[in-house]
Amino acid sequence: MQKSIERIVGDSEGVSYEFPVFRFEGLRFDGSDKAAPSAYLQAALHAGELPGVVAIDALMPMLEKAEAEGRIRGNITIVPQANPIGRAQYYFGEHQGRFHLGTRTNFNRGFPLLAAPDVELLPDTTLATADQRLKSRLLQLSLGHDIVLDLHCDDEGLAYVYVHASLWPAMADCAAAMGVDAVILWDEDTDGTFEGASITPYLNLRADVARFDRRVATTVEYRGILDVDGTLAGADAEGLYRLLVTRGVVLDQTLSTPGSFTGTVAPLENIDMMPAPRAGAILYSVKPGDRVAKGALLATIVHAPGEAGGSTQVFAPQAGIILTRRSRRIIRAGEDLLKLVGDRKSADARSGTLED
Ligand SMILES: [Zn+2]
């Protein structure tokens, strides 16, 4: 395993950012003339989302053992903390890791959507902002890997993944290996998420070049932002390791192949985001994982405490499963209360880009 340090030049003199990159070199033997697939893993692109960071921390010793035993077949690149800019952003004592404070841009938007998987097509970011330089570098580090995993988390939620429709059901083995609860399929990225930038360059290639049968690109949502926990990290590391073994990046004959994926699979258009009708305090009646019927009480918003008619109830517009809810209980009118994965298309379907 080799460690190197990446350096991103800041927006003013004397400021720069650093993050480590770890590389395991695959032996690339698999008894045939086809090279083993390679893998890229990154975590904390939204800098405060740490479940994936501690999962990678638990995964590293497993990979180092595999390396010592000569079982790494494909190259593996790992960026445990992908966003040193966001990691340093505190605003009045509160960490702000989702948006770049300098540009107000979401760290998981604005990645270049290249026409082909060629780093030569990356824009020149010499005169761009630091967050754009970071995005360009992360995409450059990941491009060319057959497997790209971007580890995030939600507010409070189940473990779930976003997958481009072209990779499903080919990626069902990965979802089963990781042990996630749900898979959300999306089909168009106009905003430049990291996942979108990882799959878009392959969409116009010939099938035998794009190799969707062995390609993996996914945003992994490791539950909620408070789910930074040693037991969960260990289980998630095992899931990631199982994925790498299942896809032939790492050899481990002691592992059995995962069974078929039995979780929820739904297109993005089935998600109801449930905007709050009023501002106030949220009293949730449901939690992630709950199955609800159409018309079930989801939450009560207390907007005028102690007054008659001072609270408003919100009901399920259709039957489905609660995927996520907010970790804080204060809300403004119009903000999303929760994500309900409906059995059918949502009446206010916001199809297209994944919602990480
Ligand atoms: Zn995120």
Simple spin-label estimate for residue 253/residue 7, 7 Å along Cα→Cβ, in nm, reads 4.7
Helix 194-203: inclination vs the chain longest Cα principal axis, degrees, rounded to 10, gives 60
FRET efficiency (residue 285, residue 118; Cβ distance; R0 45 Å; to 0.05) is 0.35
Mean separation of Cα contacts under 8 Å (at least 6 apart) over the residue count of segment 62-200, i.e. the relative contact order in percent, is 24
One checks the Cα atoms of segment 24-146 and finds Rg and Dmax, in Å, of 17.0, 57
For segment 15-112, averaging the sequence separation of alpha carbon pairs under 8 Å that lie six or more residues apart and dividing by its residue count, the contact order in percent is 37
Computed, not fitted: 222 nm per-residue ellipticity of the chain from DSSP H runs ≥ 4 (each -39500 (n - 2.57)), nearest 500, equal to -6000 deg cm²/dmol
With +1 at each Lys and Arg Cβ and -1 at each Asp and Glu Cβ, the charge dipole magnitude of segment 163-281 around its Cα centre, to the nearest 20 debye, comes out at 280
Any GluC sites (Glu not before Pro) in segment 291-356 that lie in a DSSP loop and have at most 15 other Cβ atoms within 10 Å would be 307, 335
Long-range alpha-carbon pairs in segment 122-206, meaning those over 23 Å apart, account in percent for 30
With every protein chain kept in place and a 1.4 Å probe, the chain has an accessible area per residue in Å² of 45
Working note, the chain: Cα radius of gyration (Å, one decimal) and Dmax (Å, whole number) are 20.8, 74
Checked segment 126-170 with the C-alpha gyration tensor, a ≥ b ≥ c its square-rooted eigenvalues, rounded below a/c of 1.5, otherwise prolate if a/b is larger than b/c and oblate if not; verdict oblate
Counting only protein heavy atoms with a 1.4 Å probe and every protein chain in place, the carbon and sulfur fraction of the accessible surface of segment 16-118 in whole percent equals 51
Ranked by GNM mean-square fluctuation in the chain (Cα springs under 10 Å), the top entry among 115, 207, 293 is 207
Taking a ≥ b ≥ c as the square roots of the eigenvalues of the Cα gyration tensor, with a/c under 1.5 meaning rounded and otherwise prolate when a/b exceeds b/c and oblate if not, segment 249-347 is prolate
So, relative contact order of the chain in percent, Cα under 8 Å, 6 or more apart, is 18
What the 5 Å binned alpha carbon P(r) of segment 200-241 shows, as percent of pairs per bin from 0, is 5, 17, 20, 15, 10, 11, 13, 8, 3
Along the dipole axis of the chain (charges at Cβ: +1 for Lys and Arg, -1 for Asp and Glu; origin at the Cα centre), the most positive-end residue among 176, 262, 148 is 262
Taking only C-alpha positions in segment 290-356, Rg and Dmax in angstrom work out to 13.3, 41
Looking only at lysines whose Cα falls under 18 Å of residue 294's and that sit 8 or more positions away or on another chain, we get 339, 345
Cross-link reach from residue 65 to lysines, straight Cα distance under 18 Å and at least 8 residues apart if same chain, gives 3
Carbon/sulfur accessible area of segment 191-291, % of total, 1.4 Å probe, equals 52
For residue 296, the residues 5 or more places away or on another chain with a placed amide H closer than 5 Å to its own amide H are 316
Of segment 193-218, those with amide N under 12 Å from the point 7 Å along the Cα→Cβ vector of residue 165 are none
What the 10 Å binned alpha carbon P(r) of segment 71-119 shows, as percent of pairs per bin from 0, is 19, 35, 29, 14, 3
With +1 at each Lys and Arg Cβ and -1 at each Asp and Glu Cβ, the charge dipole magnitude of the chain around its Cα centre, to the nearest 20 debye, comes out at 360
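The values are calculated or read from the model by the stated rules, or taken from the named source; none is laboratory data. Quantities reported herein were computed from a predicted structural model and do not represent experimental measurements. No Cβ is skipped: glycine too gets one built from the backbone with ideal geometry, and neighbour counts run over all protein chains shown. Calculation scope for accessible area: heavy atoms of the full protein, side chains included, ligands and nucleic acids excluded. Shrake-Rupley method; radii C 1.70, N 1.55, O 1.52, S 1.80 Å.
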